[in-house]
Structure formats: C-alpha cells, structure tokens
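Q: Handing you a structure now.
The values are calculated or read from the model by the stated rules, or taken from the named source; none is laboratory data. Just so it is clear, the model here is predicted, and its values are computed rather than measured. Neighbour counts run over all protein chains shown; Cβ positions are idealised from the backbone, glycine included. For accessibility, only protein heavy atoms count, side chains too; no ligands or nucleic acids. Shrake-Rupley method; radii C 1.70, N 1.55, O 1.52, S 1.80 Å.
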Amino acid sequence: MTTTEPTAEPWGPAPDGLDQPHWDGLLAGELRLQRCTACRTWIWGPQAICGHCHSFDLEWNDVEPVGTVYSWNRSWYPYMDEYADNLPYVTVLVELPHADGRRVLGILTDDIDANPEIGDRVVGVFEQPEGATRPLLRWRRADATAEGEQR
C-alpha cells in the first residue's frame, strides 16, 4: 500500500492510502466504494478487512451516485475554513440503493433555505473547488437537478 502526498485541502486520501481508490474515482468522476469479493458485502468507510466475513479480499467498485436522504443537519459553524463564506450549509447522510443501502456523508448544494426531507431523492455531482487539487462529491435533490438541466 502506498502513502499519498499531503494536499493543501483538508480533504483527500488518508496518509495510509487505504482510501486512495475512492479519491482516484472522484478524479475520474466516479463514486467508488469497497466491496468484499468473498461475501459481496459493500463497505464504507474503507477497511483492510471485511467486517462481515473477515476476508482480506476487497475490491473497489463504481456505484451510481444516487440515493435518498437518510438524515441531515444544517450547520452555522465553519468546521473548515473553506466553509466560512458558505454559511449555513446542509450536510446529508445519503443511503445508496446500488450499494445495498450503504450510507455516505456529503454537502447538499441546492436551495440551502429549503429543508430537506428524509427520503428525498438526491443525485451526486462532482465539483472541483477553485484552486483545489481534488474534486468533492456533493449532493443535489433529484428534482433540483432535473430543473437545472431544463434551464
């Protein structure tokens, strides 16, 4: 396993490189999660061993970046300097049906004043922040994405 070079952003691969394939996927415009080749269990966050069957034979698979809001929170505190000019922001926990319901966190980027609802359909979009070396996966409500495409 290779270690990665630190980046200027507070996000990116962990020093041990375990999640490097996830970040490589984002660079390619894909959401990648681990999956056990023995029992086919989806794994997130990245692990060295399957927690279900204890196999070390794990792979990284592309997952369609669509899901539903499982939980959400509106924050007025800038936990990272990058958020200081974007307050408040909404963090969503998204359940991915194409990964057996595995859940991932992300920022909701559409209509920040409207409260998301549990069960809202969301679509992942890959955004490259200005000056950043790595993209981020952000979430938009499926209806907001469709409206944006029609404009």
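Q: Find out how many positive minus negative residues lie around VAL125, taking Lys and Arg as positive, Asp and Glu as negative, among other residues whose Cβ is under 9 Å from that of VAL125. Please report the intermediate quantities before stating the final value.
A: Details: positive: ARG138, ARG140; negative: GLU127.
Residues close to VAL125 contribute a combined charge of +1.
Q: Go through region 15-28 residue by residue and turn each phi into a ³J(HN,Hα) via Karplus (6.51, -1.76, 1.60, θ = phi - 60°); whole Hz please, and just put x for glycine and proline.
A: x, 7, x, 4, 9, 3, x, 5, 5, 4, x, 4, 4, 8
Q: If you take every residue apart from TYR70 with its C-beta less than 9 Å away from the C-beta of TYR70, what net charge results, scoring Lys and Arg +1 and Asp and Glu -1? Provide the component values of the computation, followed by the final result.
A: Values: positive: ARG103; negative: GLU95.
Result for the local shell: 0.
Q: Compute the relative contact order of region 8-87 as a whole-number percentage, counting only Cα pairs closer than 8 Å that sit 6 or more residues apart in sequence. All intermediate terms of the calculation are to be shown ahead of the outcome.
A: Numbers: 90 pairs, mean separation 18.2, N = 80.
The value is 23 percent.
Q: What order, most packed first, do the peptides 59-66, 87-94 have when packing is the mean number of other Cβ atoms within 10 Å of each residue? Please report the intermediate quantities before stating the final value.
A: Numbers: 59-66: 16.6, 87-94: 18.2.
Highest-to-lowest ranking by the protection proxy: 87-94, 59-66.
Q: Ignoring everything but the protein chains, give the 1.4 Å probe accessible area of TRP139 in square angstrom, nearest 10.
A: We get 0 Å² for TRP139.
Q: Under a plain spin-label model, where a point goes 7 Å from the Cα along Cα-to-Cβ, how far apart in nm are ASP16 and ASP85?
A: According to this spin-label approximation, the distance is 3.6 nm.
Q: If N is the number of residues in region 10-109, what value comes out of its Cα radius of gyration divided by 2.2 N^0.38 Å?
A: Here the Cα radius of gyration is 1.18 times the empirical estimate.
Q: List, in order, the whole-Hz ³J(HN,Hα) value for each residue of region 54-69 obtained from phi through the Karplus relation with A = 6.51, B = -1.76, C = 1.60 and θ = phi - 60°; use x for Gly and Pro.
A: Once θ is set to phi - 60°, the couplings for region 54-69 become 6, 6, 9, 8, 10, 9, 10, 10, 6, 10, 4, x, 9, x, 10, 6 Hz.
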